Ligand code: GLP
(Lines give C-alpha, C1' and ligand atoms only; values in the text may rest on other atoms or scores of the structure.)
Protein backbone atom coordinates (compact mmCIF):
# COMPACT_ATOMS: atom_id res chain seq x y z
CA UNK A 1 0.00 0.00 0.00
CA UNK A 2 1.35 3.40 -0.96
CA UNK A 3 0.52 6.38 1.25
CA UNK A 4 0.96 9.89 -0.16
CA UNK A 5 0.61 12.87 2.18
CA UNK A 6 0.08 16.16 0.35
CA UNK A 7 -2.33 19.12 0.11
CA UNK A 8 -5.78 18.25 -1.29
CA UNK A 9 -5.15 20.02 -4.62
CA UNK A 10 -2.00 17.97 -5.20
CA UNK A 11 -3.78 14.74 -4.32
CA UNK A 12 -6.46 15.50 -6.91
CA UNK A 13 -3.79 16.11 -9.55
CA UNK A 14 -2.13 12.77 -8.72
CA UNK A 15 -5.41 10.86 -9.01
CA UNK A 16 -6.28 12.67 -12.26
CA UNK A 17 -2.79 11.87 -13.62
CA UNK A 18 -3.37 8.16 -12.96
CA UNK A 19 -6.76 8.29 -14.69
CA UNK A 20 -5.41 10.31 -17.62
CA UNK A 21 -2.54 7.92 -18.20
CA UNK A 22 -4.96 4.99 -18.32
CA UNK A 23 -7.24 6.81 -20.77
CA UNK A 24 -4.35 7.84 -23.02
CA UNK A 25 -3.13 4.24 -23.10
CA UNK A 26 -6.60 2.73 -23.55
CA UNK A 27 -9.52 5.05 -24.38
CA UNK A 28 -11.92 2.22 -23.44
CA UNK A 29 -10.63 2.14 -19.85
CA UNK A 30 -13.10 1.07 -17.15
CA UNK A 31 -13.23 3.54 -14.26
CA UNK A 32 -14.79 3.02 -10.84
CA UNK A 33 -16.56 6.15 -9.63
CA UNK A 34 -17.19 7.29 -6.06
CA UNK A 35 -19.62 9.86 -4.70
CA UNK A 36 -19.20 11.94 -1.54
CA UNK A 37 -17.00 15.02 -1.13
CA UNK A 38 -13.62 13.28 -1.32
CA UNK A 39 -13.34 12.80 -5.12
CA UNK A 40 -14.83 16.19 -6.08
CA UNK A 41 -11.49 17.90 -6.70
CA UNK A 42 -10.47 14.96 -8.90
CA UNK A 43 -13.63 15.44 -10.96
CA UNK A 44 -12.87 19.18 -11.23
CA UNK A 45 -9.39 18.34 -12.49
CA UNK A 46 -10.73 15.82 -15.03
CA UNK A 47 -13.26 18.38 -16.27
CA UNK A 48 -10.46 20.93 -16.67
CA UNK A 49 -8.33 18.46 -18.64
CA UNK A 50 -11.32 17.54 -20.81
CA UNK A 51 -11.89 21.24 -21.62
CA UNK A 52 -8.29 22.33 -22.00
CA UNK A 53 -6.43 19.24 -23.18
CA UNK A 54 -9.12 17.21 -24.92
CA UNK A 55 -9.05 14.35 -22.43
CA UNK A 56 -11.75 12.09 -23.85
CA UNK A 57 -14.19 9.82 -22.04
CA UNK A 58 -16.05 9.01 -25.26
CA UNK A 59 -15.11 5.32 -25.14
CA UNK A 60 -14.57 4.90 -21.39
CA UNK A 61 -16.91 2.91 -19.18
CA UNK A 62 -17.84 3.93 -15.64
CA UNK A 63 -19.20 1.89 -12.75
CA UNK A 64 -20.39 3.50 -9.55
CA UNK A 65 -19.73 2.05 -6.13
CA UNK A 66 -23.16 2.37 -4.62
CA UNK A 67 -26.65 3.83 -4.72
CA UNK A 68 -29.42 4.70 -2.28
CA UNK A 69 -32.50 2.48 -2.39
CA UNK A 70 -35.77 4.15 -3.25
CA UNK A 71 -34.77 7.74 -4.06
CA UNK A 72 -36.93 8.98 -6.97
CA UNK A 73 -35.22 8.93 -10.39
CA UNK A 74 -35.01 12.73 -10.49
CA UNK A 75 -33.81 13.20 -6.89
CA UNK A 76 -30.63 15.33 -6.95
CA UNK A 77 -28.97 13.15 -4.28
CA UNK A 78 -29.55 9.92 -6.15
CA UNK A 79 -25.96 8.86 -6.76
CA UNK A 80 -26.52 8.30 -10.48
CA UNK A 81 -27.60 11.94 -10.70
CA UNK A 82 -24.72 13.14 -8.53
CA UNK A 83 -22.22 11.40 -10.80
CA UNK A 84 -23.93 12.88 -13.87
CA UNK A 85 -23.69 16.39 -12.40
CA UNK A 86 -20.23 16.16 -10.82
CA UNK A 87 -18.37 14.37 -13.57
CA UNK A 88 -20.15 12.69 -16.51
CA UNK A 89 -21.87 15.78 -17.94
CA UNK A 90 -18.68 17.83 -17.52
CA UNK A 91 -16.51 15.47 -19.55
CA UNK A 92 -19.11 14.58 -22.22
CA UNK A 93 -19.24 10.99 -21.03
CA UNK A 94 -22.06 9.17 -22.88
CA UNK A 95 -24.80 8.40 -20.33
CA UNK A 96 -25.22 4.77 -21.33
CA UNK A 97 -21.53 4.11 -20.58
CA UNK A 98 -21.86 5.04 -16.90
CA UNK A 99 -23.92 2.86 -14.62
CA UNK A 100 -24.63 2.14 -11.01
CA UNK A 101 -26.64 -0.42 -9.08
CA UNK A 102 -30.38 0.12 -9.67
CA UNK A 103 -31.82 1.31 -6.38
CA UNK A 104 -35.29 1.56 -7.93
CA UNK A 105 -35.49 -2.05 -9.15
CA UNK A 106 -38.48 -4.14 -8.06
CA UNK A 107 -36.16 -7.08 -7.51
CA UNK A 108 -33.13 -5.68 -5.72
CA UNK A 109 -31.14 -8.95 -5.40
CA UNK A 110 -31.57 -9.51 -9.16
CA UNK A 111 -30.38 -5.92 -9.80
CA UNK A 112 -27.29 -6.57 -7.66
CA UNK A 113 -26.50 -9.78 -9.55
CA UNK A 114 -27.01 -7.98 -12.89
CA UNK A 115 -24.60 -5.25 -11.75
CA UNK A 116 -21.91 -7.79 -10.89
CA UNK A 117 -22.36 -9.33 -14.34
CA UNK A 118 -22.12 -5.92 -16.03
CA UNK A 119 -18.79 -5.18 -14.34
CA UNK A 120 -17.44 -8.60 -15.25
CA UNK A 121 -18.68 -8.28 -18.87
CA UNK A 122 -16.82 -4.95 -19.15
CA UNK A 123 -13.63 -6.78 -18.18
CA UNK A 124 -13.47 -5.47 -14.61
CA UNK A 125 -12.54 -2.05 -13.25
CA UNK A 126 -9.08 -0.67 -14.12
CA UNK A 127 -8.97 2.09 -11.50
CA UNK A 128 -11.40 2.48 -8.63
CA UNK A 129 -11.71 5.84 -6.87
CA UNK A 130 -12.70 5.56 -3.21
CA UNK A 131 -13.50 7.75 -0.24
CA UNK A 132 -13.74 6.50 3.32
CA UNK A 133 -16.45 7.00 5.93
CA UNK A 134 -15.59 8.13 9.46
CA UNK A 135 -16.46 4.60 10.61
CA UNK A 136 -14.09 3.08 8.06
CA UNK A 137 -16.64 2.11 5.44
CA UNK A 138 -15.76 2.11 1.75
CA UNK A 139 -18.60 2.40 -0.74
CA UNK A 140 -21.44 1.58 1.68
CA UNK A 141 -19.78 -1.45 3.27
CA UNK A 142 -20.48 -0.64 6.89
CA UNK A 143 -18.60 -2.18 9.86
CA UNK A 144 -19.31 -5.89 10.03
CA UNK A 145 -19.39 -6.29 6.25
CA UNK A 146 -17.96 -9.54 4.95
CA UNK A 147 -14.52 -8.96 3.54
CA UNK A 148 -15.59 -11.21 0.63
CA UNK A 149 -18.97 -9.54 0.05
CA UNK A 150 -20.47 -8.88 -3.38
CA UNK A 151 -22.97 -6.23 -4.54
CA UNK A 152 -25.96 -6.38 -2.21
CA UNK A 153 -28.45 -4.42 -0.14
CA UNK A 154 -27.13 -2.91 3.10
CA UNK A 155 -28.62 -0.94 5.97
CA UNK A 156 -26.81 2.34 6.66
CA UNK A 157 -25.55 3.02 10.17
CA UNK A 158 -26.90 5.97 12.09
CA UNK A 159 -23.41 7.52 11.87
CA UNK A 160 -23.33 7.34 8.07
CA UNK A 161 -26.83 8.78 7.83
CA UNK A 162 -25.78 11.62 10.15
CA UNK A 163 -22.61 12.18 8.08
CA UNK A 164 -24.66 12.32 4.87
CA UNK A 165 -27.50 14.45 6.28
CA UNK A 166 -25.67 17.54 5.00
CA UNK A 167 -26.73 16.52 1.50
CA UNK A 168 -30.37 16.23 2.63
CA UNK A 169 -30.96 19.65 4.19
CA UNK A 170 -29.34 18.52 7.47
CA UNK A 171 -32.36 16.28 8.11
CA UNK A 172 -31.14 12.76 8.92
CA UNK A 173 -34.64 11.36 8.47
CA UNK A 174 -34.46 12.26 4.76
CA UNK A 175 -31.38 10.06 4.30
CA UNK A 176 -32.51 6.63 3.06
CA UNK A 177 -31.92 3.70 5.41
CA UNK A 178 -30.98 1.28 2.69
CA UNK A 179 -28.53 1.22 -0.18
CA UNK A 180 -27.07 -1.09 -2.78
CA UNK A 181 -23.30 -1.30 -2.68
CA UNK A 182 -20.50 -3.12 -4.41
CA UNK A 183 -19.14 -5.59 -1.90
CA UNK A 184 -15.63 -5.54 -0.52
CA UNK A 185 -14.88 -8.61 -2.65
CA UNK A 186 -16.16 -6.75 -5.72
CA UNK A 187 -14.07 -3.66 -5.00
CA UNK A 188 -10.97 -5.77 -4.36
CA UNK A 189 -11.15 -7.07 -7.95
CA UNK A 190 -10.43 -3.62 -9.37
CA UNK A 191 -6.86 -3.52 -10.66
CA UNK A 192 -5.89 -0.30 -8.86
CA UNK A 193 -7.56 1.20 -5.80
CA UNK A 194 -7.11 4.94 -5.21
CA UNK A 195 -8.57 6.21 -1.95
CA UNK A 196 -8.75 9.91 -1.08
CA UNK A 197 -9.29 11.28 2.44
CA UNK A 198 -8.95 14.80 3.77
CA UNK A 199 -9.67 16.41 7.12
CA UNK A 200 -9.08 15.54 10.75
CA UNK A 201 -12.44 13.74 11.02
CA UNK A 202 -10.96 11.04 8.74
CA UNK A 203 -7.72 10.60 10.74
CA UNK A 204 -8.81 7.62 12.84
CA UNK A 205 -10.33 5.79 9.86
CA UNK A 206 -7.16 6.42 7.83
CA UNK A 207 -4.97 5.18 10.70
CA UNK A 208 -7.02 1.98 10.93
CA UNK A 209 -7.06 1.55 7.14
CA UNK A 210 -3.29 1.77 6.80
CA UNK A 211 -1.98 0.55 10.14
CA UNK A 212 -4.76 -1.31 11.93
CA UNK A 213 -5.41 -5.04 11.91
CA UNK A 214 -7.48 -6.29 8.96
CA UNK A 215 -10.98 -6.51 10.36
CA UNK A 216 -14.60 -6.27 9.28
CA UNK A 217 -14.96 -3.67 12.06
CA UNK A 218 -12.95 -1.29 9.84
CA UNK A 219 -13.99 -2.48 6.37
CA UNK A 220 -11.42 -0.35 4.51
CA UNK A 221 -8.63 -2.43 6.09
CA UNK A 222 -9.34 -5.08 3.45
CA UNK A 223 -7.32 -2.82 1.14
CA UNK A 224 -4.17 -4.01 2.92
CA UNK A 225 -4.70 -7.26 1.00
CA UNK A 226 -4.74 -5.50 -2.40
CA UNK A 227 -1.56 -5.66 -4.52
CA UNK A 228 -1.99 -2.10 -5.86
CA UNK A 229 -3.64 0.25 -3.39
CA UNK A 230 -2.88 3.97 -3.12
CA UNK A 231 -4.00 6.10 -0.18
CA UNK A 232 -3.96 9.86 -0.84
CA UNK A 233 -4.32 11.95 2.33
CA UNK A 234 -3.77 15.52 3.47
CA UNK A 235 -1.88 16.43 6.66
CA UNK A 236 -5.05 16.44 8.77
CA UNK A 237 -6.22 13.01 7.63
CA UNK A 238 -2.64 11.72 8.11
CA UNK A 239 -2.36 13.16 11.63
CA UNK A 240 -2.80 9.80 13.38
CA UNK A 241 -0.50 7.76 11.16
CA UNK A 242 2.31 6.23 13.21
CA UNK A 243 4.64 5.92 10.23
CA UNK A 244 3.81 9.28 8.62
CA UNK A 245 7.49 10.30 8.44
CA UNK A 246 8.35 7.08 6.64
CA UNK A 247 5.51 7.55 4.12
CA UNK A 248 6.69 11.12 3.45
CA UNK A 249 10.30 10.04 3.02
CA UNK A 250 9.31 7.18 0.71
CA UNK A 251 7.22 9.43 -1.50
CA UNK A 252 9.84 12.20 -1.58
CA UNK A 253 12.46 9.75 -2.83
CA UNK A 254 10.22 8.03 -5.36
CA UNK A 255 11.52 8.01 -8.95
CA UNK A 256 9.59 10.43 -11.19
CA UNK A 257 8.80 7.79 -13.80
CA UNK A 258 6.97 5.57 -11.36
CA UNK A 259 3.52 7.21 -11.13
CA UNK A 260 0.98 5.97 -8.63
C1 GLP B 1 -20.50 7.96 1.55
C2 GLP B 1 -20.28 7.13 0.27
C3 GLP B 1 -18.87 6.64 0.19
C4 GLP B 1 -17.95 7.78 0.57
C5 GLP B 1 -18.08 8.09 2.03
C6 GLP B 1 -17.27 9.31 2.46
O7 GLP B 1 -21.41 7.42 2.43
N8 GLP B 1 -21.16 6.05 0.06
O9 GLP B 1 -18.60 6.16 -1.12
O10 GLP B 1 -16.62 7.42 0.32
O11 GLP B 1 -19.42 8.17 2.42
O12 GLP B 1 -17.88 10.49 2.02
P13 GLP B 1 -17.13 11.87 1.94
O14 GLP B 1 -16.12 11.74 0.86
O15 GLP B 1 -18.19 12.86 1.61
O16 GLP B 1 -16.52 12.11 3.26
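The values are calculated or read from the model by the stated rules, or taken from the named source; none is laboratory data. Owing to the predicted nature of the structure, the values given are computational and were not obtained by experimental measurement. Here Cβ is always computed from backbone atoms with ideal geometry, including for glycine, and neighbour counts include all displayed protein chains.
Conditions (1) over 22 Å from residue 2 (Cα atoms); (2) touching a residue at least 60 places away in the same chain (Cβ under 8 Å), marked per residue:
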position: 160; (1), (2): yes, no
position: 172; (1), (2): yes, no
position: 180; (1), (2): yes, yes
position: 196; (1), (2): no, yes
Going through the stretch 129-138 one residue at a time, which ones are more than 7 Å from the ligand (Cβ to nearest atom) and either at pLDDT below 95 or assigned to a loop (DSSP other than H, G, I, E, B) (or both)? 134, 135, 136
Based on this model, can you work out whether residue 4 counts as within 20 Å of the chain's Cα centre (by Cα), surrounded by 14 or more Cβ atoms within 10 Å (Cβ to Cβ) and not in a helix (DSSP H, G or I)? yes
Within the stretch 53-80, how many residues are out of contact with any helix residue (DSSP H, G or I) (no Cβ under 9 Å at 6 or more places or on another chain), buried (at least 17 other Cβ atoms within 10 Å of the Cβ) and over 20 Å from residue 186 (Cα atoms)? 1
Can you pull out every residue in the stretch 17-43 that is touching a strand residue (DSSP E or B) at 6+ places or on another chain (Cβ under 6 Å), within 16 Å of the ligand (Cβ to nearest atom) and over 15 Å from residue 92 (Cβ atoms)? 32, 33, 34, 38, 39
Within the stretch 195-203, does at least one residue satisfy the condition of being in a loop (DSSP other than H, G, I, E, B), surrounded by fewer than 17 Cβ atoms within 10 Å (Cβ to Cβ), under 15 Å from the mean Cα position of the chain (by Cα) and modelled with pLDDT of 95 or more? no
On the given criteria, is residue 124 in contact (Cβ under 8 Å) with a residue 60 or more places away in the chain and either within 26 Å of residue 199 (Cα to Cα) or over 17 Å from the mean Cα position of the chain (by Cα) (or both)? no
Give 131, 136, 123 a once-over and let me know the one that is loosely packed, with under 15 Cβ neighbours inside 10 Å, closer than 28 Å to residue 18 by Cα and in contact with a strand residue (DSSP E or B) (Cβ under 7 Å, 6 or more places away or on another chain). 123
Taking the conditions exactly as written (modelled with pLDDT of 95 or more, away from the ligand (no atom under 15 Å from the Cβ) and either under 17 Å from the mean Cα position of the chain (by Cα) or within 17 Å of residue 128 (Cβ to Cβ) (or both)), does residue 98 satisfy them or not? yes
Please state which of the following conditions residue 143 fails to meet, knowing it meets all the rest: (1) away from the ligand (no atom under 16 Å from the Cβ); (2) over 26 Å from residue 41 (Cβ atoms); (3) assigned to a loop (DSSP other than H, G, I, E, B). (1)
Return yes when residue 46 is more than 16 Å from the ligand (Cβ to nearest atom), modelled with pLDDT of 95 or more, surrounded by 22 or more Cβ atoms within 10 Å (Cβ to Cβ) and under 20 Å from residue 28 (Cβ atoms) and no when it is not. yes
Give the number of residues within the stretch 155-194 that are within 14 Å of the ligand (Cβ to nearest atom), assigned to a helix (DSSP H, G or I) and more than 30 Å from residue 243 (Cα to Cα). 9
